[in-house]
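First the structure, in the form of structure tokens, and then the observations on it.
Since every read-out is calculated from the coordinates, none of them should be taken as a lab result. Bear in mind the structure is a predicted one, so any value in this text is a computation, not a measurement. Neighbour counts are summed over all protein chains in view; Cβ atoms, including those assigned to glycine, are modelled from backbone coordinates with ideal geometry.
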Amino acid sequence: MSSDSKERFASISPAEFFKRNPELVGFSNPSRALYQSVRETVENSLDATDIHLILPSVKVSLDRIDLEKEVYRLTIEDNGIGIPPQVVPNAFGKVLYSSKYTIRQTRGMYGLGVKAVLLYSQMYQDRPFEVQTSPRGSNRVYYFKLKIDISRNEPIIFHRSSIENPTGWHGTIITVYLVGDWLRSKQKIYEYIKRTYILSPYAEFTFRDPEGNITYYPRVTNKLPRPPEEVKPHPYGVDIELLKYLIATLRYQYDVRSFLINEFQSIGEITAEEILKQAGVSSSTPASKLTDDQISKLVEVMKKYEKFRPPSADALSTLGEELITIGLNKVFSPDMVSAETRKPKAYQGHPFIVEAGIAYGGAIPPSEFPIVLRYANKIPLVYDEKSDVIWKVVEEIDWRRYGIEENQFPLVVLVHLCSTKVPYKSAGKESIADVEEIEKEIKFAIMSAARQLRLFLLERKKQEDERKRMLTYMKYIPELARSLAVFEASNENEIDSRAKELEKKLIEIVSKKVGLNDPTLYDKLKVEIS
């Protein structure tokens, strides 16, 4: 066998891997890439603000700077906590370096974010990435120009400087140059920003597009959702490699009993003893001395143990019914809104909470199917709609039970899934997989909100029936009042005034008879009856 016929083996860096496979993270074409770049950078800005109890102010601008190649300059500015200057190079120039590798709800999952944007940027044009940042409380603004060394997965720093910060501004401004397709991505980008605003009415957004159009979404409430807290892993979510990692990164030398109690949620002294007994491991064994067989047996026992408390929901951050109601009212101006936040549940050791909102009527145009707004950890899911479990649940609901006529849906259905691990169908994070526990909670949440819609429609029908009955009686009230006035009046001059008095009394009697809560309805409907 010649040397030429031998297979060659080599390793590549994480940066090289994602550069070679951009479609895995949503950068499959120039249209999708422009949308994904806006999405990733906006999500970074929101995570830098609301989870730190800062009311977000996010400015997005897109400028076309090269007509021939369709190169765009994307700039995102926020008022977040900022980034320490010593962290900036790795935070933006090292793939899989992130603050998101903890057990708590975050908008992102993989810590790629703007790094994926930068990798895509470098593939088709040569300008570096620009970052301006000032950490909260800092008296300086720091400026960087960066690229990623793809083969080494390290930042390349082209420029670094700082200036005084006399205004006290804190936050981050990111500028990146991209080959994109504005005309094809325009609708999706606008839809993404609108849907983000619906779920974040405590934020203000300004968007300037390449055509010079400016869209502004004002802040309508100062109420922020409770931020998520970092929690310890739950035993149901542990595997062999995670257990080995936890042992290898221990700060203290624990025996295995203390290790279980201190490094996991839902394990106390009695539970730890039961687990170790079933696994056949001595409680005095140092955690660092556990063999592979002992680790494997511990994981097996923890997976089957049925007495653990459910995972803590402290790692989750829901919007709550009030914020969902505010957002739907602001954007859609409906006749009614109902919202429901379910109690925490868990799947495979991961806590999750489902929220749902329904908006009906008003400015919502009737259609053959409800407008479905899908969210995961406060992120709008715009693509792959019909492959999502949320769409599946909405499609299976019999809306006639809730008073909706077939093919007449002036209806918006919003569903928000919060979890420390959202089961996305792909790395592009655009659709949620069919997980039985999650699907069931989505159904219950929508049905609960829909029951409030049913009550609203029943009340509206009752009022409409009252109105029709009133219209029927109204036709005869003036004539009846005048006929009675003829008998009661002492002379012809008193007939008109007496008729008016009798008309008022008859209106009161009729209003009570038909159960009207609004006795002024007669006056309101005079124009219609005439």
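Peptides 340-347, 207-214 ranked from most to least packed by the mean count of surrounding Cβ atoms within 10 Å: 340-347, 207-214. Among Ser138, Asn165, Gln187, whose Cα projects farthest towards the positive end of the dipole of region 14-217, with charges put on the beta-carbon of Lys, Arg (+1) and Asp, Glu (-1)? Value computed over the given set: Ser138.
Each Lys and Arg Cβ is given +1 and each Asp and Glu Cβ -1; about its Cα centre, region 316-453 then shows a dipole of about 400 debye.
By the count of neighbouring beta-carbon atoms within 10 Å, fewest first, Met302, Met123 end up ordered Met123, Met302. Net charge of the neighbourhood of Glu16, taken over other residues with C-beta under 11 Å away and scored Lys/Arg +1, Asp/Glu -1, is +2. Between beta-carbons, use under 14 Å as the cut-off and find the net charge around Leu183, counting Lys and Arg +1, Asp and Glu -1. Spelling it out: positives minus negatives among the neighbours equals +1.
Of the residues Ala359, Met336, Phe18, the one whose Cα sits farthest towards the positive end of the charge dipole of the chain is Phe18 (charges of +1 on Lys and Arg Cβ, -1 on Asp and Glu Cβ, taken about the Cα centre). Basic side chains Lys and Arg get +1 at the Cβ, acidic Asp and Glu get -1 at the Cβ, and with that the dipole of region 14-217 about its Cα centre reaches some 340 debye.
For the chain, give the magnitude of the charge dipole about the Cα centre (Cβ charges: +1 Lys/Arg, -1 Asp/Glu; no others), in debye to the nearest 20.
Dipole about the Cα centre, nearest 20: 560 debye.
Helix-only arithmetic for the chain: the sum of -39500 (n - 2.57) across DSSP H runs with n ≥ 4, divided by the residue total, places the mean residue ellipticity at 222 nm at -12000 deg cm²/dmol. Dipole orientation for the chain: of the candidates Pro201, Gly93, Ile432, Gly93 has the Cα lying most toward the positive pole (charges on Cβ; Lys, Arg +1; Asp, Glu -1). When each of Thr196, Thr285 is scored by the number of other beta-carbon atoms lying within 10 Å, the sequence from fewest to most is Thr285, Thr196. Which pairs, out of Lys115/Lys386; Lys145/Lys378; Lys19/Lys145; Lys303/Lys421, put more than 22 Å between their alpha-carbon atoms? Beyond 22 Å: Lys115/Lys386; Lys145/Lys378.
Restricting things to Cα coordinates, could you compute the convex hull volume per residue of region 316-453 in Å³?
Numbers: hull volume 13.5 nm³, N = 138.
In region 316-453, the Cα convex hull volume per residue is 98 Å³.
At full extension, Ile240 and Phe487 could sit 79.2 nm farther apart than now, given 0.36 nm per residue minus the alpha carbon distance.
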